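The values are calculated or read from the model by the stated rules, or taken from the named source; none is laboratory data. Quick caveat, the model's predicted, so the values are computed rather than measured. All Cβ positions, even for glycine, are placed from backbone atoms using ideal geometry, and neighbour counts span all protein chains on display. Side chains are part of the model used for accessible areas, which takes the heavy atoms of the whole protein and leaves out ligands, DNA and RNA. Shrake-Rupley method; radii C 1.70, N 1.55, O 1.52, S 1.80 Å.
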Amino acid sequence: MKKKKNELLTEVELEFMNELWALGEGTVRDVLECLPEGRDLAYTSGATILRILEQKSFVTSRKQGKSHVYIPAISKDIYQTRSLKHLSAKLFDDTPASLVAALVNDDELTEEALGQIRALVDRRLKHDSG
């Protein structure tokens, strides 16, 4: 049963994907060991989450001895782009400018962060115009 391409991860699935992206690849135990202290998940729970990620085509796996090694099937930046497009469509009426406006109007955004955003926009405009 293939899932939709634009499917998003649940919070716990994203937690596991973040660890796998950082590791490059890993077993259930590898991923569980990377979770924050106090985040005690049973081995079976970790195995189930990784199997679900494989069913959803977010990871692939290969057998190594008695273990399965899980490998991200999608890069973090591709998933970030997919998530932002989804957020823009669902919450900001598919208007990217509204999403950016909400971001830059956040009082907690530092001048440094605003400068970085301006530099990114300037670079993109220069690149697109020639």
| request: Step through the residues of segment 66-74 one at a time and calculate ³J(HN,Hα) from phi using the Karplus curve (6.51 cos²θ - 1.76 cosθ + 1.60, θ = phi - 60°), rounding each to whole Hz and writing x for Gly and Pro. | output: 8, 9, 9, 9, 9, 10, x, 9, 9
| said: Under a crude label model (7 Å from the Cα following the beta-carbon direction), how far is Asp106 from Glu37 in nanometres? | reply: 2.8
| request: Mind grabbing the base-10 log of I(q)/I(0) for segment 4-130 at q = 0.14, 0.15, 0.18, 0.20 Å⁻¹? Debye formula, identical points on the C-alpha positions, no solvent, two decimal places. | output: -0.79, -0.85, -1.00, -1.10
| Accessible area per residue, Å², the chain with all protein chains present, probe 1.4 Å | 73
| said: Given an 8 Å cut-off on Cα distances and at least 6 residues of separation, report the relative contact order of the chain as a percent. | reply: 21
| note | At R0 = 25 Å the Cβ-Cβ FRET efficiency linking Ile78 and Arg29, nearest 0.05, sits at 0.40
| note | Of the accessible area of the chain, computed with a 1.4 Å probe and all protein chains kept, carbon and sulfur make up a percent value of 53
| What helices in the chain pass both tests, a Cα length along the helix axis of 30 Å or more and a mean Kyte hydropathy of -0.5 or higher, using whole DSSP H runs? | none
